[in-house]
Amino acid sequence: MQTTEERQRNPWLAKLHLDGPLMLGLIALCAVSLVVIYSAGGQDIGLVQRQAIRMGVSFVVLFVVAQLAPDIFRTYAFPLYVIGVLMLVAVMFFGVSGKGAQRWLDIGVTRIQPSEIMKLAVPMMVAWYCSKVPLPIRFSSVFMGLLIVLLPTLLIARQPDLGTSVLVASSGIFVLFLAGISWRLILAGGVTAAASLPLFWFFLLRDYQRQRILTFLNPETDPLGSGYHIIQSKIAIGSGGVEGKGWLQGTQSQLEFLPERHTDFIFSVFSEEFGFVGVIALLALYGFVIFRGMLISMRAQSNFKRLLGGSITLTFFIYVLVNIGMVSGILPVVGVPLPLISYGGTSMVTMMAGFGILMGIATHRRLVISQSS
């Protein structure tokens, strides 16, 4: 039960189905994004304006999703998953290609990327399945859950889109982890994955993906070719020092040594200009959003809501971990943007929809308790 103070706090936010602390954290991250994009984009105010419009659309999506009772997602988890898988299959035969990948469906008015839908459909489906079986989850249920995750993951990896396939797989596996999978099964899965690495390397990875891994292991072997991105990124991060060079003063970004500086490698620009102090502040802001998301999930009133909310929050954490890891040279480059900071709109809309679900889990619960008291 919540106290009277908790029920009466920010009543107007509760009526709008918005969680105040989480909303403040998201707005703060978006504000940081606009500041860094202005520097990373060569002080192009048009770039900042376009990103601000995308942020506005994303917050509208968040608001709309937050108005929906979380039980609606449980009701439509299965059909949404099936539709998403069918769209991924359609991409194989009718998809539109771009930049060496076939990831989009042209529906006339616009293009849609089904893999983005699966970032939410997969955890919804696995959470729906796990909420129907006894918890902690048993081996037979784990096996079925893994099949639910594996099918869209392989279809997305085939496009090829290794970064998105990792995120989709993570979102489903997190649900299984939160459902109470035993450590023996986790250990067995780790051993199986390690034993499958040769098969993965020789038969599943494409040549450019193998090259990314080799570059990750030793980027200095090709400093002007495949290793250029990561070498310049590490130089930018290291040159920031403790306090940074100052906003708009980063030589790696302003002199255009750093490629993809306003998208995947924007963390390198931030580190160079704001230094170790700025990085700690940014990580603290991310930590606050993640902590708030997990707190909302733990307070949820059903297994489905807890599992779905926890998976959305931990997947956001994986976004942060993978991007910072890859630009720092401790993970291979897989094309994952820094969440809510990198320039772009598609992944941001999906992410904000996920946070809308979290806010619905938090605020619909408060309204139910308030009405019953």
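The values are calculated or read from the model by the stated rules, or taken from the named source; none is laboratory data. Model, not experiment: these values are computed from the prediction. Neighbour counts are summed over all protein chains in view; Cβ atoms, including those assigned to glycine, are modelled from backbone coordinates with ideal geometry. For accessibility, only protein heavy atoms count, side chains too; no ligands or nucleic acids. Shrake-Rupley method; radii C 1.70, N 1.55, O 1.52, S 1.80 Å.
This table checks each residue for (1) among the small types (G, A, S); (2) in contact (Cβ under 8 Å) with a residue 24 or more places away in the chain.
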position	(1), (2)
V289	no, yes
N303	no, yes
I318	no, yes
L321	no, no
S328	yes, yes
G335	yes, yes
S342	yes, yes
M348	no, yes
Those residues of segment 247-268 which are in contact with an Asp or Glu (Cβ under 6 Å, 6 or more places away or on another chain), modelled with pLDDT under 90 and part of a loop (DSSP other than H, G, I, E, B), in sequence order: G250
Kindly check whether there is at least one residue in segment 348-361 that is open to solvent by 30 Å² or more (accessible area, probe 1.4 Å) and modelled with pLDDT under 95. yes
Could you figure out which of (1) among the charged types (D, E, K, R); (2) touching a helix residue (DSSP H, G or I) at 6+ places or on another chain (Cβ under 7 Å); (3) open to solvent by 40 Å² or more (accessible area, probe 1.4 Å) isn't true of K234? (2)
Residue under evaluation L340, criteria (1) part of a helix (DSSP H, G or I); (2) open to solvent by less than 10 Å² (accessible area, probe 1.4 Å); (3) in contact with a Leu (Cβ under 6 Å, 6 or more places away or on another chain), criterion not met: (1)
Counted residues, segment 194-224 - those being at pLDDT 75 or above, open to solvent by less than 60 Å² (accessible area, probe 1.4 Å) and of a type in the set (A, V, I, L, M): 2
Quick one: would you say I280 is under 19 Å from the mean Cα position of the chain (by Cα), at pLDDT 95 or above, farther than 17 Å from G329 by Cα and β-branched (V, I, T)? no
Among the candidates I296, I266, which residue alone is closer than 30 Å to V126 by Cα and open to solvent by less than 60 Å² (accessible area, probe 1.4 Å)? I296
Name the single residue, out of those in segment 20-37 being in contact (Cβ under 8 Å) with a residue 24 or more places away in the chain and not hydrophobic (A, V, I, L, M, F, W, C), that is most open to solvent (accessible area, probe 1.4 Å). P21
Taking the residues in segment 225-246 that are more than 21 Å from V35 (Cα to Cα) and part of a loop (DSSP other than H, G, I, E, B) as candidates, determine which candidate is modelled with the highest pLDDT. G227
Restricting the search to segment 51-102, which residues are within 20 Å of S115 (Cα to Cα), of a type in the set (V, I, T) and over 20 Å from the mean Cα position of the chain (by Cα)? V82, I83, V89, V91, V96
Test L283 against the stated conditions and say whether it is under 14 Å from I324 (Cβ atoms), surrounded by fewer than 21 Cβ atoms within 10 Å (Cβ to Cβ) and not acidic (D, E). yes
Can you find, within segment 1-29, the residue that is modelled with the highest pLDDT among those that are assigned to a helix (DSSP H, G or I) and in contact with a Gly (Cβ under 8 Å, 6 or more places away or on another chain)? L22
Answer yes if at least one residue in segment 48-56 is of a type outside the set (S, T, Y), open to solvent by less than 60 Å² (accessible area, probe 1.4 Å) and in contact with an Asp or Glu (Cβ under 8 Å, 6 or more places away or on another chain), and no otherwise. no
Suppose we filter segment 215-232 for residues that are touching an Asp or Glu at 6+ places or on another chain (Cβ under 9 Å) and not aromatic (F, W, Y); how many remain? 4
Given the conditions (1) on the phi > 0 side of the Ramachandran plot; (2) surrounded by fewer than 16 Cβ atoms within 10 Å (Cβ to Cβ), which single one is not true for V242? (1)
For residues that are over 26 Å from G98 (Cβ atoms) and among the polar types (S, T, N, Q), scanning just segment 112-161, find the one that is surrounded by the fewest Cβ atoms within 10 Å (Cβ to Cβ). S140
